[in-house]
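Below you'll find the structure, written out as structure tokens, and then a few comments.
Only the coordinates and a few stated rules stand behind these numbers; no lab work does. The model shown is predicted, which means the values in this text are computed figures rather than measured ones. Positions of Cβ are backbone-derived with ideal geometry, glycine not excepted, and every protein chain shown enters the neighbour counts.
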Amino acid sequence: MTKIDNGPPNYRDFLPPIIKENYGKWEDHSHVKPGVLVHYGPAGELFSIRVGSPRLVSVDFIREVCDLADEFCDGYLRFTSRNNIEFLTPHAENVDPLIAACTARGLPVGGTGNSMSNIVHTQGWIHCHTPATDASGIVKAVMDDLYEYFGRDDLPNKLTIAMACCLNMCGAVHCSDIAILGVHRTVPRLNHDVIRKTSEIPSLIACCPTAAIRPDPKNKSVTVVEERCMYCGNCFTMSPGMEIMDARNDGIAILIGGKVSNARTAPSFSRMVIPFLPNTPPRWPETVAAVRQIVEVWLEHAREGERVGEWVERIGWERFFTLTGIPFTDKHIDDYIFSRESFRTTAAFKY
């Protein structure tokens, strides 16, 4: 039968032989050292060597990484959801030479166990049309400052950081220990001429999640009810006449306490702790300092095994703001009328 291009290829065709042989039969795994995991099965061991990588990479970089995989791992590697590279090999004797080769090329090895993983992030100024700030630039600045924690595994628990450049948040800011979020703070400026010429008015009105956009028959355009606007920028996706970017008022918010893990406590959504920091490229010193302050206070006061959110829930949010020196303002109060005290996010049900 002729093979057709119908959906993605079967992932099983690309698994290393050792994984195929141990599939469904894995017995155990252990953490050898920062960046190195080993899984045990009846067919043998599989070593995973985790290496930090930028999210936006060049073809030359990919070729260099593939050359390392060919030399040490029979050509097998994978990319994690947080933009790490994992080299996969059943040969224990190849682990240390691979680490040495990565180190010689400036590729950091780490991110496993109780360490800081790579920062997952969105497109930012390089590719997106609605960002309130950059993504890759901020991630580079923050990761440079926290680089030491990627190669250590003596943190209270793992530390995940995420970056999203606007409220539509292609990143994982709702479920990461520390999240950096680009925020718009002004309603879109309406370019009625562009809206009339380029937009489907019904679709533009329907795209608003808070019904802030209303028809304006007189101008054959739309109006915005300012008090209902949440500054998400979704309308700009539907019409370039909804000009949401604002160089003076756009900036960054910091959130903490999210996680998807169901261990010890239920999964949790992150909560805002810093409502606004200015856009100060190219190194964003205010954002970098704020993230480091939160990380260092967590390291000093958390108990073994506590994620950032678990630590804050134990000591109380009042104590968190005192320890970090972050001012508490009216912006921290959730006055959204449809918000709930809690959401069913856990696999553990109470009857």
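For residue 170, which sequence-distant residues (separation of 5 or more, or a different chain) have an amide H within less than 5 Å of its own amide H, given hydrogens modelled in the peptide plane?
165
Tell me, in nm to one decimal, what length is gained between residue 64 and residue 216 on full extension, where the rule is 0.36 nm per residue of separation less the Cα-Cα distance?
The residue 64-residue 216 span can extend by a further 49.1 nm.
Any idea which of 302, 224, 261 is furthest toward the positive side of the dipole for the chain, if Lys and Arg beta-carbons carry +1 and Asp and Glu beta-carbons -1?
So the residue we want is 224.
For residue 271 and residue 227, FRET efficiency with R0 = 25 Å and r from the beta-carbon atoms, rounded to 0.05?
0.60
With angles folded into 0 to 90 degrees, how steeply does helix 59-72 sit against the dominant principal axis of the chain? Use alpha carbons for both and round to 10.
With both axes taken from Cα atoms, the answer is about 20 degrees.
Return the sequence-ordered ³J(HN,Hα) values of segment 151-159 in whole Hz as given by the Karplus equation 6.51 cos²θ - 1.76 cosθ + 1.60 applied to θ = phi - 60°, using x for Gly and Pro.
For segment 151-159, the Karplus curve yields x, 10, 10, 10, 6, x, 7, 5, 10 Hz.
Residue by residue through segment 19-35, what is 3J(HN,Hα) from phi via Karplus (6.51 cos²θ - 1.76 cosθ + 1.60, θ = phi - 60°)? Round to whole Hz and write x for glycine and proline.
My calculation for segment 19-35 gives 6, 4, 6, 9, 4, x, 10, 4, 9, 6, 8, 8, 9, 6, 6, x, x Hz in order.
Taking Cα atoms, how many degrees apart are the long axis of helix 95-104 and the longest axis of the chain, rounded to 10 and kept between 0 and 90?
Rounded to the nearest ten degrees, it is 50.
At R0 = 25 Å, how high is the FRET efficiency between residue 192 and residue 334 if r is their beta carbon distance? Nearest 0.05 is fine.
It comes out at approximately 0.10.
If contacts are Cα pairs under 8 angstrom and at least 6 residues apart, what is the relative contact order of the chain in percent?
Result for the chain is 13 percent.
What is the magnitude of the charge dipole of the chain about its Cα centre, with +1 placed on the Cβ of each Lys and Arg, -1 on the Cβ of each Asp and Glu, and no other charges, expressed in debye to the nearest 20?
It works out to roughly 1140 debye.
Run the numbers on segment 189-243 and let me know its relative contact order in percent, using alpha-carbon pairs under 8 Å that are six or more apart.
It comes to 47 percent, rounded to a whole number.
Name the residue from 66, 81, 35 whose Cα lies farthest towards the positive end of the charge dipole of segment 14-104, charges +1 on Cβ of Lys and Arg and -1 on Cβ of Asp and Glu.
It is 81.
Going by average Cβ neighbours within 10 Å, how do the peptides 85-91, 194-200 rank, with the highest at the top?
Highest to lowest by the protection proxy: 85-91, 194-200.
When the chain is fully extended, how far beyond the present Cα-Cα distance does residue 20 get from residue 243, taking 0.36 nm per residue of separation?
Roughly 75.1 nm would be gained on extension.
Would you calculate the separation in nanometres between label points at residue 92 and residue 318, each defined as 7 Å from the Cα along the Cα-to-beta-carbon direction?
5.5 nm
For every helix of n ≥ 4 consecutive DSSP H residues, a contribution of -39,500 (n - 2.57) applies; sum these over the chain, divide by its total residues, and give [θ] at 222 nm rounded to the nearest 500 deg cm²/dmol.
The helix contribution divided over the chain gives -7500 deg cm²/dmol.
Which ordering of 72, 276 is given by a fewest-first count of other beta-carbon atoms within 10 Å?
276, 72
Can you tell me the orientation of helix 285-301 relative to the chain, as the angle in degrees between its alpha-carbon axis and the longest Cα principal axis, to the nearest 10?
In the chain, helix 285-301 runs at an angle near 60 degrees to the longest axis.
For residue 203 paired with residue 32, estimate the spin-label separation in nm (one decimal), with each label point 7 Å from Cα along the Cα-to-Cβ line.
It is 5.3 nm.
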